[in-house]
Every structure is written in structure tokens, then in C-alpha cells.
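*Asks:* Following this message is one structure expressed as C-alpha cells.
The values are calculated or read from the model by the stated rules, or taken from the named source; none is laboratory data. This is a predicted model, so every value here is computed, not measured. Every residue, glycine as well, gets a Cβ built from its backbone with ideal geometry; the counts of neighbours run over all protein chains shown. For accessibility, only protein heavy atoms count, side chains too; no ligands or nucleic acids. Shrake-Rupley method; radii C 1.70, N 1.55, O 1.52, S 1.80 Å.
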Amino acid sequence: LAAGRGYESSMFHWFADLLRIRTKLARYTSGEPYVHYVKDAIATDRPYDGVVRELLTATGPAHREGNGATGYRLRDRGMPEDHTANTARVFLGTRIECAQCHDHPFTDWKQQDFFRLVAFGGGVEDVHEEAPADRLREFGRELRRVGDADERRAFRRMIRPVTTGVSGSGTGVAALPDDYRYDDAEPGALMRAAPLFGPEVPLAGLAAETELERPRERKRNRRRGRKQDPAAAFPEIGSREAFAEWVTSPENPRFTTVVANRMWKRVFGVGLIEPVDDLRDDTVPSDPALMAALERLMKDVGYDLRAFQRVLWHTDLWQREAAPLDPTAPGGPAFVGPSLRRLSAEQLWDSLVTLIVPDVDATLAAPDEGAREVYARFDEALAWTDDDLRDRLELETLRRTDRKAYQRARARERAESRARDRQVRKLAKRLARARQREKSRRVADLEARLAQLGVSTAEVEQAVRGRGLERASDLPSPVDPGHFLWQFGQSEREQVEAGHREANVPQVLNLLNGFVEEELLSRENSEVLLATAAARTPDATIDVAWRAVLSRAPTADERAVWRDDVATRGTPAVHDLLWTLLNSHEFLFLR
């Protein structure tokens, strides 16, 4: 559980659901660097508090290698208030979104308190300020002098994947909304950054007694069509860093509690505090002494989530049989073992793929595989020559001025790309066979031919492995609607922890007539069919099926039910047996 690559895959799903990770963040913004950042942090056991600090302070071009943490801010691009609310919910277990529009109805927090928290990110731009290359800047300046409006718009679109990013260390200032209705301040009044609870956060250059007035001169807003942010007129003072230090401090009354409780829920199915993201001043854990011990443990392991979970997995409590637990019971659930719960969509998918492929962990790609192409395109853009820029500008200009000509040009590009992809897949299949047969000369020849096509190592390995039957962590995040994972409750990554495990009719139909039949039982070389075929007796065949699907041996009664059928009907009976086990509740539940 702790040492295998499966741990990294499983933890990615936990982070992806919590941080709303998507492989595509926006029209011109890839989420692959964000995916890379999180997967690498898991694989290298970076302390959770350090990861959170990096997410909260990341700056720079989003598509440059090493800047994947910017994806957290860009996930709420152009919505600093939503970003603040999500941050408080994810890392502090505190729901403050109500205070965005009015004083909180259930706590002492006022609308001003919310915008004081927003102020820690005041003046931060969700677009990297300048194209990070002299040539692009010079070309842009030339267009502003001699180009027409269509060309200037086309140029901005063309370089958007390069300029997308995060800039600014924070001014520590935010403005109340224009529709602010309370008597204690005017609409649009400026708020100084301040935390919701705990000790004060000192901010150099923003003394508490200083009266905040809107400066006459404001920094030019580079994002056309958007309202000027008053906070951008103030000098940057590093308020984001101060905020990150406050959030992740061991002295913060909620940070350690929240992550320890989340880890407990991940292992045991129900938190000691439920809901895990709605802590209040009067919140009491179901077992206060245990919660305090978990907080001490989290600090003792230095916020190493793998080390923390390893301790929980070694407990007698976790090693007991799962049992139904009611988190709404008075005083909270009485733990007699892990909570009996259905497999998540990702666990169920991986369990099925394990029965098909020889080694499910061998399908796992390197953490940066999806991001390499993004990094390469970013570096390529920095190296564009004047001729490259003119050619690309001409194509982008056509998008607005001559739609049909643009579509013809794009169709030619797509046709060339499809032809190249077909050739790559063909060569990759040959390469896989050559590697399997250990024909080193043939392998070298095929690798050279792929290199001549400009195929990256990542593309080769992906084509060799094939697509579609990888672990869920290597599929797009989230998958397309209609996919198995989508049907079984994978989060759409729009809301925090929006995945679900509730049953529905499409799930039943998929297991009865869909994936199990089409992808597993119809593949003669699937691992479970090869294993059952290799068994020499009906009893051995039944035993293999039970262990493969349910991870236990069959009882004497269960073996007796199937013995005659397997003995007389052979393979069709084995298919019926596997189909039955895969549609059982025992397979679908984490026991």
C-alpha cells in the first residue's frame, strides 16, 4: 500500500478531487504541468505543508517547465474571491463563501473579513505580464506601430500559451464590492489583509494604522475588457508569501487538524470531524483525544502523508473487517474497523484493468509525460524566428478575416498530423514486438526511424503501451462524459471533492452488458482468462477466479455450486463465473 507505484496513482486521485485538477484548465491553458507538479510531489514525498506553500505562492509562465504549481491559482482564473473561498475550504476546512456576498449567517465573520482574506492576493494577475522572450516583445511592439487591429488581436491569441501564467507577490489590499450594503464601510472601500483567526500576520510596507487611499496613478491593466483592480495600484509587499506561511503554520488552529482528519477519512472512510471541510469554533471531534494524537503524529512525521498513512495502516483498527459506520450518529461514529464503502470509480476501474493487463503498474507513465509536449511547445515558441512569427500570424489572422481559408489551412495541418500519428502507431507496434523478441538491431532501427519523425520518447512509450487500459491516473482528468469512470462517479473537477460513490442504473447496465463483456471476457489474452485457462481442474479454476476477483478463496459451498458447471461446459461456464463475481456486491465494496 505504501511502497508501490499504486500508492502514487491512488494519492493522485485524492489530490485531483481536492484541488480540482484538470488536464485542460482553459482554452489556451494546459493543465498537464499542474498534473506533473502534483504527481512529482507525491512520488518524491514532498511534505504537504511545503506543497501547499508552493501552490499558494507560485508565479511565472504556466507552461514553462518547473511552474506547474501555478495551475492551482489558474484553476480559478480571474476569480480571486472564489479562489480565496476554495483555498479556505481545502486547506483550513473552513467554508467562508457565504461571507463573499453578506455577513456569514452562522459565524461571527463579516463580509469585510472575507475581503481582508482576499487582500492577501491583492494585485495578483492571472496572466504572466510579459512574453518571456525579447523577440516576441519586439515583434509585438512592431505590430503596435504598423500592424492593423486584426493582426494585433491575432498576435495576442498566438502568444497566449506563452504569456499565460501568474504574476505578482500580492499588495495586501482588496476592495469591497460596489454593492456593499452595510453601514461600517462605503462600497468599494479598500481593505487591508488580515487572517480570519489566530495571530496577526505582519505585512512589511502596510502598517495597520496607515489609511488606505486609492492612488491617483494606477498600474495599467493589461487584460483588456476587465475592470481595473484597485489593489494593483499599490506596491507589492509579498502578502501571498505571508498568507501561505500563516495557512501552513503548525500554530494555525486548523491546518494540521484538517489534513490529519482528511487522511483519517481517506484510510477509514469517515472522518473524526464530519463534514471534513466545515470546521467552526464550536466543532468537537467524535474522539477528541484521538484527533489530538493524529495532529501530533502529523507534525512528528513532518507532514509526510505517506508516512502518516503507513502508521494508520499498521493499526489493529484498520486491519479489522470493514463495518457500516454512521457519521451522523450522536457523538460521531464508533469505529470498530474501517467503514464499509463502495469502491471509488478509480479503484473500480483499476481493479478491472488489473484483470486484463499483465502488470497494471507497468502502464504508469512518468509524472511528466503529459507535460513534456507542453514544455516543448513553450520552448519552441521562445525560439520562433521572424519568419515563423509571420507565418503563424498570417494563419491566426485568417481565423478572423477569412474563415474558410483558415479552416482549409487547419484541415491540411490536421491531415498531416493524422498521417504522422498513424505512422507513429504503426512503427511503435513493430517496436513493441521487436523489444518482446529481444531483436536489438531491429529495435535500434525502429527507434531511429521514429526519431527522424521528430517523435519524443514520451510519444513512443505511450504508443508502445497503447491507450485506454492504463491506470485511471494516466487517463485524462476528468474523462469524457460517458466513460466508465464518469458513469461510476469520477469528479468533474469543477467543485471541491465532487466525486461520488452512489449507485445508479447506467452503472448496473455497464457491468452487466458493457465493460466486463466487451473489454475483459472478449479478450482471450486478458490475464484472468489466461490464468483460469491454465488451471488443471475445475476446483483450481474456481479458486483462481475467486482469488483474482475477490482476493479470497471460495468456501466449500461456493465451490460446490460451480464445480459441475465448470467441469461440463468449460470456458463458457468460466465466463459466467467471472461475470457473476464481477457483478457481485462483494467485488464492488471495499472490505
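*Asks:* Just to verify a result, which residue in region 515-542, among those that are in a loop (DSSP other than H, G, I, E, B) and without any contact (Cβ under 8 Å) to a residue 24 or more places away in the chain, is least open to solvent (accessible area, probe 1.4 Å)?
*Replies:* ALA535
*Asks:* Looking at GLY489, is it modelled with pLDDT of 95 or more, outside any helix (DSSP H, G or I) and within 20 Å of the chain's Cα centre (by Cα)? Quick ask: steps written out before the conclusion?
*Replies:* Working: modelled with pLDDT of 95 or more: yes; outside any helix (DSSP H, G or I): yes; within 20 Å of the chain's Cα centre (by Cα): yes.
The answer is yes for GLY489.
*Asks:* Within region 291-322, track down each residue that is surrounded by 15 or more Cβ atoms within 10 Å (Cβ to Cβ) and hydrophobic (A, V, I, L, M, F, W, C).
*Replies:* The answer is MET291, LEU294, LEU297, MET298, VAL301, LEU305, ALA307, PHE308, VAL311, LEU312, TRP318, ALA322.
*Asks:* Here is a list: LEU348, LEU395. Which entry is assigned to a helix (DSSP H, G or I), buried (at least 20 other Cβ atoms within 10 Å of the Cβ) and aliphatic (A, V, I, L, M)? If you could, list the steps in order and put the result at the bottom.
*Replies:* Working: LEU395 fails: buried (at least 20 other Cβ atoms within 10 Å of the Cβ).
Residue meeting the stated conditions: LEU348.
*Asks:* Given the condition at pLDDT below 95, hydrophobic (A, V, I, L, M, F, W, C) and surrounded by fewer than 18 Cβ atoms within 10 Å (Cβ to Cβ), answer yes or no: does some residue in region 42-57 qualify?
*Replies:* Let us first name the residues in region 42-57 that are at pLDDT below 95, namely none.
No, because not a single residue in region 42-57 is at pLDDT below 95, hydrophobic (A, V, I, L, M, F, W, C) and surrounded by fewer than 18 Cβ atoms within 10 Å (Cβ to Cβ).
*Asks:* Identify the residue in region 66-80 that is of a type outside the set (Gly, Ala, Ser), outside any helix (DSSP H, G or I) and without any contact (Cβ under 8 Å) to a residue 60 or more places away in the chain and, among all such residues, is surrounded by the most Cβ atoms within 10 Å (Cβ to Cβ).
*Replies:* In this case the residue turns out to be ARG75.
*Asks:* Which numbered condition in (1) modelled with pLDDT under 80; (2) buried (at least 19 other Cβ atoms within 10 Å of the Cβ) is the only one that ARG425 fails?
*Replies:* Condition (2) is where ARG425 drops out.
*Asks:* Now for a different question. Of the residues HIS83, HIS36, HIS13, HIS63, only one is open to solvent by less than 40 Å² (accessible area, probe 1.4 Å), in contact with a helix residue (DSSP H, G or I) (Cβ under 9 Å, 6 or more places away or on another chain) and either at positive phi or free of Cβ contacts under 8 Å to residues at least 40 places away in the same chain (or both); which?
*Replies:* HIS83
*Asks:* Out of GLN507, GLN490, I need the residue that is touching a Gly at 6+ places or on another chain (Cβ under 9 Å) and touching a residue at least 60 places away in the same chain (Cβ under 8 Å). Which one? Steps first, answer last, please.
*Replies:* On the way: GLN507 fails: touching a residue at least 60 places away in the same chain (Cβ under 8 Å).
The unique qualifying residue is GLN490.
*Asks:* Another question, then. So, PRO330, is that one open to solvent by 40 Å² or more (accessible area, probe 1.4 Å), in contact with a Leu (Cβ under 7 Å, 6 or more places away or on another chain) and not aromatic (Phe, Trp, Tyr) or not?
*Replies:* On the way: open to solvent by 40 Å² or more (accessible area, probe 1.4 Å): yes; in contact with a Leu (Cβ under 7 Å, 6 or more places away or on another chain): no; not aromatic (Phe, Trp, Tyr): yes.
Considered against the rule, which asks whether it is open to solvent by 40 Å² or more (accessible area, probe 1.4 Å), in contact with a Leu (Cβ under 7 Å, 6 or more places away or on another chain) and not aromatic (Phe, Trp, Tyr), PRO330 comes out as no.
*Asks:* Sticking with this one: Quick test for you: out of LEU25, LEU74, pick the one residue that is at pLDDT below 95, under 20 Å from PRO367 (Cβ atoms) and aliphatic (A, V, I, L, M).
*Replies:* LEU25
*Asks:* Give me a count of the residues in region 164-184 that are open to solvent by less than 20 Å² (accessible area, probe 1.4 Å) and not in a strand (DSSP E or B). Full working, then the answer.
*Replies:* At the first step, the residues of region 164-184 found to be open to solvent by less than 20 Å² (accessible area, probe 1.4 Å) are 164-168, 170-174, 176, 180.
Narrowing the set further to residues that are not in a strand (DSSP E or B) leaves 164, 168, 170-172, 176, 180.
Qualifying residue count, region 164-184: 7.
*Asks:* Just for helices (runs of 4 or more DSSP H) wholly inside region 550-590: which have at least 2 residues that are under 23 Å from GLN347 (Cβ atoms)? Let's see the steps before the verdict.
*Replies:* On the way: elements: 556-569, 571-582, 585-588.
Helices (runs of 4 or more DSSP H) meeting the threshold: 571-582, 585-588.
*Asks:* Every residue in region 122-156 that is open to solvent by 20 Å² or more (accessible area, probe 1.4 Å) and within 26 Å of SER169 (Cα to Cα), please.
*Replies:* Passing the criteria: GLU125, VAL127, HIS128, GLU129, GLU130, PRO132, ASP134, ARG137, ARG156.
*Asks:* Open to solvent by 80 Å² or more (accessible area, probe 1.4 Å), modelled with pLDDT of 85 or more and farther than 30 Å from HIS13 by Cα: does that describe GLU380?
*Replies:* Here the answer is yes, as GLU380 does meet what is asked.
*Asks:* Given ALA154, ALA174, ALA149, which one is hydrophobic (A, V, I, L, M, F, W, C) and over 36 Å from the mean Cα position of the chain (by Cα)?
*Replies:* Of the residues listed, the single one that is hydrophobic (A, V, I, L, M, F, W, C) and over 36 Å from the mean Cα position of the chain (by Cα) is ALA149.
*Asks:* Quick one: which of ALA545, ALA556, ALA560, ALA573 is open to solvent by 70 Å² or more (accessible area, probe 1.4 Å) and of a type in the set (A, V, I, L, M)?
*Replies:* Going through ALA545, ALA556, ALA560, ALA573 in turn, the sole match is ALA556.
*Asks:* Being among the polar types (S, T, N, Q), part of a helix (DSSP H, G or I) and either at pLDDT 85 or above or open to solvent by less than 30 Å² (accessible area, probe 1.4 Å) (or both) is the filter here, so list the residues in region 86-121 that pass it.
*Replies:* The answer is ASN86, THR87, GLN111, GLN112.
*Asks:* Taking the options TYR406, TYR375, name whichever one is modelled with pLDDT of 85 or more, more than 19 Å from PHE139 (Cβ to Cβ) and of a type in the set (Phe, Trp, Tyr).
*Replies:* TYR375
*Asks:* How many residues, within region 579-591, are open to solvent by less than 70 Å² (accessible area, probe 1.4 Å), closer than 16 Å to LEU529 by Cβ and either at pLDDT below 95 or within 33 Å of the chain's Cα centre (by Cα) (or both)?
*Replies:* 2
*Asks:* Return yes when ARG27 is without any contact (Cβ under 8 Å) to a residue 60 or more places away in the chain, surrounded by fewer than 24 Cβ atoms within 10 Å (Cβ to Cβ) and not hydroxyl-bearing (Ser, Thr, Tyr) and no when it is not.
*Replies:* Here the answer is yes, as ARG27 does meet what is asked.
*Asks:* Can I ask one more? Scan region 286-343 for residues that are without any contact (Cβ under 8 Å) to a residue 40 or more places away in the chain, farther than 21 Å from PHE255 by Cβ and not in a loop (DSSP other than H, G, I, E, B) and jot them down.
*Replies:* ALA323 - this is the single residue of region 286-343 that is without any contact (Cβ under 8 Å) to a residue 40 or more places away in the chain, farther than 21 Å from PHE255 by Cβ and not in a loop (DSSP other than H, G, I, E, B).
*Asks:* Restricting to region 554-578, name every residue that is of a type outside the set (Lys, Arg) and touching a helix residue (DSSP H, G or I) at 6+ places or on another chain (Cβ under 6 Å).
*Replies:* PRO554, TRP562, ASP565, VAL566, ALA567, ALA573, VAL574, HIS575, LEU577, LEU578
*Asks:* For region 473-500, name all the residues that are closer than 16 Å to LEU18 by Cβ and open to solvent by 80 Å² or more (accessible area, probe 1.4 Å).
*Replies:* Within region 473-500, GLU492, GLU494, GLN495 meet the criteria.
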